[in-house]
Amino acid sequence: MKVNWKTVLKKILLVLPIVLIFGTGTFLLYLFGNFGMFPLYVTRVVPIVGIALALALCVICAVTLNRKQKRVLWGVFSCVLLCCAVYVGFGAYEDSIPTVDDRQLLLWEYQPFQKENKLVTLNAESTLKFDNPWAVRVDGATALYPIYAAFAQAVYPEGEYPHYQGSVQCGGTIDAYERLVKGETDVIFVAAPSAAQQEMAKNTGKEFHYTPIGKEAFVFFVNSKNPVASLTVEQIRGIYSGEIKNWKDVGGKRQSIRPFQRAENSGSQSALQRLMEGLPLLEPEKRDRIAGMGGIITEVASYRNHSNAIGFSFRFYSTEMVKNGDIRLLALNGVEPTRETIRDGSYPIASEFYAVTVSDIGGPAPQESNPKLAAFLDWILSAQGQEIIEKTGYVALQ
């Protein structure tokens, strides 16, 4: 078939504004997706649909096709749209499943001195007061932020303390340990470090000093419709080592177990590794995430509450920060994780959490040369500091 190129050019010029408008729209949607404004599956599929439609419009409008060729073209285009629809539908289903991940805590709700924040307060005026907001720089785990933010609100001068910068930060366990080693903060509030974090300190000529300040339980949870209510510690090890793969083997339904994990060196992942006592862990489930400037990175997937899922965290986060009736905490060795069983030691995985400082290897703890840091740690161990820990929902040392 002879093509009239003059006619082709006219048709291209007619359709070009439509293609440019649509292309610009899809590019903007993709750009917004890179900043987390849309789920990953939307971010991926929008450019695909945009490009496919733009090409289809160009071909259909610019070239004179016979009926058979048009049917083939529309058939291909319909298949592309169908695949995209299936992809979007599956993504929407996945996105609708409740998640549990302390990285999603709304930290601003716990910022010191914020109006109507969620921090607990003392029954009386604090016996320790700083007149300088930089007297002691603090950081720590997300799940412990409500505690040390309340410490700051009781002791520090009133002011602005955004969680992402300044003297009262919440970078999460991984960043907090790194900042402590680099000397960018004075004390962090965290669970015990992983072997890798201890090695990081050693390789830089540093060592950690631990001040226990409270107790917490390491807990496991499942979908509330899962009939399994209790596991033994050995069964947990079997699940996370891959030896136990089906819920029927531990008294549940005949369905495979989907064990979620956390990022390496996070407080809860380090707790799991200690629980495993050297047993190798299964490879964690991964997911893709949009990074800055359009890149896609792979990270450990957050817990998704599938009917066959099992996940873990610390008790306070899973019961207080996440008011999620869709999950149920498991008893371990027949003991429920409550404040009473943590206090009396009957729950099998209860441990202390710490105020951690750092010094040169063999050197004195920094609180020995920093009077304000020493006074702060002493106050945390006093009745008032322990009152904040208890009121927040954790378990005080005494």
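The values are calculated or read from the model by the stated rules, or taken from the named source; none is laboratory data. Because the structure is a prediction, the values reported are computed rather than measured. Here Cβ is always computed from backbone atoms with ideal geometry, including for glycine, and neighbour counts include all displayed protein chains. Note: areas computed on protein heavy atoms with side chains; ligands, DNA, RNA excluded. Shrake-Rupley method; radii C 1.70, N 1.55, O 1.52, S 1.80 Å.
Tabulated results
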| item | result |
| --- | --- |
| Nearest-10 value in Å² for the accessible area of residue 240, using the 1.4 Å probe | 0 |
| Of 215/391; 129/182; 225/286; 225/248, those spanning more than 21 Å from alpha-carbon to alpha-carbon | 129/182; 225/286 |
| Calculated FRET value between residue 374 and residue 276, using beta carbons and R₀ = 41 Å, to 0.05 | 0.65 |
| Probe 1.4 Å, all protein chains present, accessible-area order of 248, 115, largest first | 115, 248 |
| Unit Cα scatterers, Debye sum, region 158-263: log10 I(q)/I(0) for q = 0.13, 0.18, 0.20, 0.24 Å⁻¹ | -0.72, -0.94, -1.03, -1.29 |
| Shape of region 329-398, Cα gyration tensor, a/c cut at 1.5 | oblate |
| Whole-Hz couplings from phi, Karplus 6.51/-1.76/1.60, listed for region 332-340; x for Gly and Pro | 10, 6, x, 10, 6, x, 10, 4, 5 |
| Sites residue 383 and residue 336, calculated FRET efficiency, Cβ-Cβ separation with R0 30 Å, nearest 0.05 | 0.60 |
| Difference of contour (0.36 nm per residue) and Cα-Cα distance, residue 129 to residue 158 | 9.4 nm |
| Gain in span if fully extended, residue 308 to residue 328, counting 0.36 nm per residue against the direct Cα distance | 5.9 nm |
| Carbon/sulfur fraction of accessible area - region 166-272, other protein chains in place, 1.4 Å, % | 45 |
| Rounded accessible area of residue 315 (nearest 10 Å², 1.4 Å probe) | 20 |
| Amide H contacts of residue 303 (H built 1.01 Å from N, under 5 Å, at least 5 apart or other chain) | 100 |
| Extension gain from residue 165 to residue 264, taking 0.36 nm per residue of separation minus the Cα-Cα distance | 33.3 nm |
| Region 154-232-region 240-257 distance, computed between alpha-carbon centres (Å) | 32 |
